Amino acid sequence: MSEVTEILKKYSKNIDNEIENSLSAISPEELYNASNHLFNSGGKKLRPALTILACDAVGGVFEQSFKTAAAIELIHTFSLIHDDIMDQDDIRRGNPAVHTLWGEPMAILAGDILFSKAFELVLETSVDSNSYKKLSDALAVVADACVKICEGQAEDMSFEGKFDVTEEQYMDMIYKKTGALIAAATKSGAIIGGASDEVILAMEEYGKLIGLAFQIQDDYLDVISDEESLGKPVGSDIVGGKMTLMVVKTLADAPDEDCERLISLLKENNPNHVGDVINLFNKYDSINYAHNVAQGNVNKAKQLLEILDDSEAKRALMLIADFVLERQS
């Protein structure tokens with residue numbers, strides 16, 4: 001864990017500098033402050049680090065990936081601002097969400113400007129004589145990820161109150177909502193690094209798999225962690241009636257009586273029923289199942305890295321894959 005933290009910190013300053021340079025000319029000041037707010041609240045910067053490491057691991061000049069890496073972080077932050085508005089979440093990273101400080105209209109504009117600045121940053125990337133091809137391919141990857149994020153968010157919203165969601169539908173939703181941007185991070189890094197098509201596809205799949213594992217681990221931690229480690233009440237997904245892999249698995253395996261009970265408990269949005277829902281999850285081994293699915297994805301992701309030559313960057317990508325499941329928040 002500490003080694004991965006150091007890896008992420010290694011590139012954090014470069015990413016911060018690119019973001020600050022990109023946002024510095026924003027006016028009026030209120031819009032600048034709203035746009036910059038979440039960058040002052042921390043964050044692991046996992047996605048941009050993956051872009052840089054992917055570029056390095058395929059033999060590229062990793063400094064050439066800084067702007068695309070920063071663009072990935074801008075897209076991620078844009079999605080967080082808009083998610084908080086849609087979900088009416090008032091806290092993000094332990095601080096007030098953007099819309100609680102500046103209101104929803106300004107928060108929407110802040111998200112929009114981060115979205116726009118991301119594409120501007122990719123186009124500012126300076127690479128070699130094949131720059132046009134690399135930049136156009138990287139830009140297409142970032143744009144596609146943005147489309148998928150919106151689709152995933154819409155699918156997640158459509159799942160509310162629906163209890164006939166299949167595992168395949170759920171996995172497609174979390175891929176779009178969470179995995180697509182992580183896949184875009186590793187794929188765009190490989191493109192900027194000049195990798196072959198075969199390696200680019202492997203790096204994209206690596207990102208997709210750890211992205212899926214990342215979201216499933218979030219669901220898993222929500223029921224097995226403690227409030228201090230998690231930074232929010234345990235079972236908040238249950239209280240919110242959210243569709244998770246554990247809900248999908250339980251509803252698929254349980255007889256009608258327990259299915260009806262689980263649905264009833266989830267609909268009540270009552271914190272006092274968290275323990276009852278967790279008991280149902282345990283009855284059908286859904287918690288262990290979710291963990292095993294996430295672990296399987298991480299194992300497959302690490303196998304894909306065998307296509308790369310040995311390097312410190314490859315080792316870092318291996319460690320990050322494990323970190324996805326070892327983290328506690």
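Using the count of nearby Cβ atoms within 10 Å as a rough guide to exposure, how do 3, 73, 124, 306 rank from fewest to most? Can you show the working numbers first?
Working: 3 12, 73 28, 124 15, 306 9.
Final ranking by Cβ density, sparse to dense: 306, 3, 124, 73.
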key: the stretch 140-211 versus the stretch 286-329: alpha-carbon centroid distance in Å   = 16 Å
message = For the chain, take the longest principal axis of its alpha carbons; what is the angle in degrees between that and the long axis of helix 180-192, to the nearest 10 within 0 to 90?
response = 20 degrees
query = What angle do you read, to the nearest 10 degrees and between 0 and 90, between the alpha-carbon axis of helix 286-304 and the longest principal axis of the chain?
reply = 20 degrees
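Cβ under 12 Å from residue 5's Cβ, residue 5 left aside: what net charge do those residues give with Lys, Arg +1 and Asp, Glu -1?
Numbers: positive: 9, 10, 44, 45, 327; negative: 3, 6, 326.
Here the charged neighbours net out to +2.
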query = Relative to the first principal axis of the alpha-carbon coordinates of the chain, what is the inclination of helix 104-123, with its axis defined by its Cα atoms, in degrees from 0 to 90 and to the nearest 10?
reply = 40 degrees
remark   = Between residue 282 and residue 2, the FRET efficiency computed from the C-beta separation at R0 = 45 Å comes out, to the nearest 0.05, as 0.90
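Given charges of +1 on the Cβ of Lys and Arg and -1 on the Cβ of Asp and Glu, with all other atoms neutral, how large is the dipole of the chain about its Cα centre, in debye to the nearest 20? All intermediate terms of the calculation are to be shown ahead of the outcome.
On the way: 29 positive and 55 negative charges, 147 e Å.
My answer is approximately 700 debye.
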Using θ = phi - 60° and Karplus 6.51 cos²θ - 1.76 cosθ + 1.60, couplings along the stretch 10-15 (whole Hz; Gly, Pro as x) = 4, 9, 4, 5, 4, 5
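For residue 24 and residue 172, FRET efficiency with R0 = 45 Å and r from the beta-carbon atoms, rounded to 0.05? Could the numbers behind the result be given before it?
Details: r = 39 Å, r/R0 = 0.86.
Calculated transfer efficiency: 0.70.
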message = Using 18 Å as the Cα-Cα cut-off, could you pick out the over-long pairs in 148/187; 10/67; 10/208; 134/314; 187/314; 177/242?
response = 10/208; 134/314
query = Hey, rough spin-label estimate for residue 163 and residue 257, points 7 angstrom out along Cα→Cβ, what's it come to in nanometres?
reply = 1.6 nm
message = Positive end of the dipole of the stretch 2-326, charges at C-beta (+1 Lys, Arg; -1 Asp, Glu), about the Cα centre: which of 182, 248, 278 has its Cα farthest in that direction?
response = 182
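Taking 0.36 nm per intervening residue step and subtracting the Cα-Cα distance, what contour gain separates residue 151 from residue 236 on full extension? Show your work: numbers first, answer last.
Details: separation 85, 0.36 × 85 = 30.60 nm, distance 2.35 nm.
Roughly 28.2 nm would be gained on extension.
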task = Treating each Cα of the chain as an identical point scatterer and ignoring solvent, apply the Debye formula and state log10 I(q)/I(0) at q = 0.12, 0.14 Å⁻¹.
result = -0.84, -1.12
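When the chain is fully extended, how far beyond the present Cα-Cα distance does residue 86 get from residue 63, taking 0.36 nm per residue of separation?
Values: separation 23, 0.36 × 23 = 8.28 nm, distance 3.59 nm.
Separation in residues times 0.36 nm, less the Cα-Cα distance, equals 4.7 nm.
Just so you know, all these numbers are worked out from the coordinates, no wet-lab data involved. The model shown is predicted, which means the values in this text are computed figures rather than measured ones. Every residue, glycine as well, gets a Cβ built from its backbone with ideal geometry; the counts of neighbours run over all protein chains shown.
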